[in-house]
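Working notes, beginning with the structure itself.
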Amino acid sequence: MSRAWFITFEGIDGAGKSTHIEGLADWFRSQGRQVTLTREPGGTPLSEKLRELVLHQAMDPLTEALLMFAARREHLLQVIEPALARADVVLCDRFTDATFAYQGGGRGFDWRVLQTLEQWVQHLPPAADLRQPDLTVWFDLPPEVAAQRLSSARVPDKFEAQPVEFFRQVRAAYAKRMQEMPQRFARIAADQDRPSVWRDVLQSVAERVHESR
Ligand code: TYD
């Protein structure tokens with residue numbers, strides 16, 4: 001049986017992940033794989049309620065970080081772990097790197113506290129190691145470009161409404177996460193036209209998947 005895959009997608013708002021995640025889901029299905037498509041914050045009824053709160057209410061940065069991790073714990077236990085146990089391909093729109101990027105980078109919240117929360121939430125006995133994505137596809141683009149793309153979009157949520165400087169910090173924090181765990185990251189230059197971004201995404205995912213056969 002083919003092995004399970006846990007693939008996450010990251011980037012600042014406006015980086016254009018969504019269509020490529022759908023494209024990858026179709027690509028895996030065309031190879032006969034079962035795909036679980038999910039997102040954070042969210043993915044379970046409780047986590048979706050928490051999403052509503054964190055995306056639309058002002059709150060203290062620690063409260064915000066705790067709610068992100070609370071939503072994640074439920075999501076891991078209810079959706080991600082069962083899907084991986086069935087050897088599904090789990091495609092998750094954002095995961096813990098987003099908390100380091102947005103709450104750590106954007107909000108300036110303590111990196112080490114986030115690491116502690118990560119240890120609590122992603123430790124799932126009897127496994128000794130933390131649950132981490134097998135691959136994280138980071139759609140990287142300059143915040144100025146993202147801001148232009150977003151300006152014509154829908155009504156912004158709490159994060160999308162942040163100034164460009166916030167997204168500079170978010171982007172820097174993604175880069176720091178990649179430096180800390182380079183083996184699981186694939187950085188995609190997202191400031192290209194859509195077909196070129198798709199070519200790069202598919203290439204980096206296909207490479208990893210075939211490598212580990
Ligand atoms: P996003 O996933 O981009 O969904 P949509 O495209 O529907 O807006 O939005 C989620 C927002 O939540 C995004 O601005 C990033 C933010 N976020 C955090 O601040 N911390 C987190 O841990 C996660 C998962 C998301």
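The values are calculated or read from the model by the stated rules, or taken from the named source; none is laboratory data. Quick caveat: nothing in here was measured; it's all calculated off a predicted structure. Please note: Cβ atoms are built from the backbone with ideal geometry, for glycine as well, and neighbour counts cover all protein chains shown. Protein only, heavy atoms only, side chains kept; ligands, DNA and RNA dropped before computing areas. Shrake-Rupley method; radii C 1.70, N 1.55, O 1.52, S 1.80 Å.
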Just one listed residue, out of R194, R187, R177, R168, is open to solvent by 80 Å² or more (accessible area, probe 1.4 Å), touching an Asp or Glu at 6+ places or on another chain (Cβ under 7 Å) and within 19 Å of P142 (Cβ to Cβ), and it is R187
Restricted to region 95-135 and to residues being touching a strand residue (DSSP E or B) at 6+ places or on another chain (Cβ under 9 Å) and among the small types (G, A, S), the residue nearest to the ligand (Cβ to nearest atom) is A98
G32 being open to solvent by less than 10 Å² (accessible area, probe 1.4 Å) and at positive phi: no
When region 164-200 is checked residue by residue, the ones that are out of contact with any helix residue (DSSP H, G or I) (no Cβ under 7 Å at 6 or more places or on another chain) and closer than 18 Å to Y102 by Cα are E165, A175, K176, M178, Q179, E180, M181
- Filter pass, R3 being of a type in the set (D, E, K, R) and away from the ligand (no atom under 14 Å from the Cβ): yes
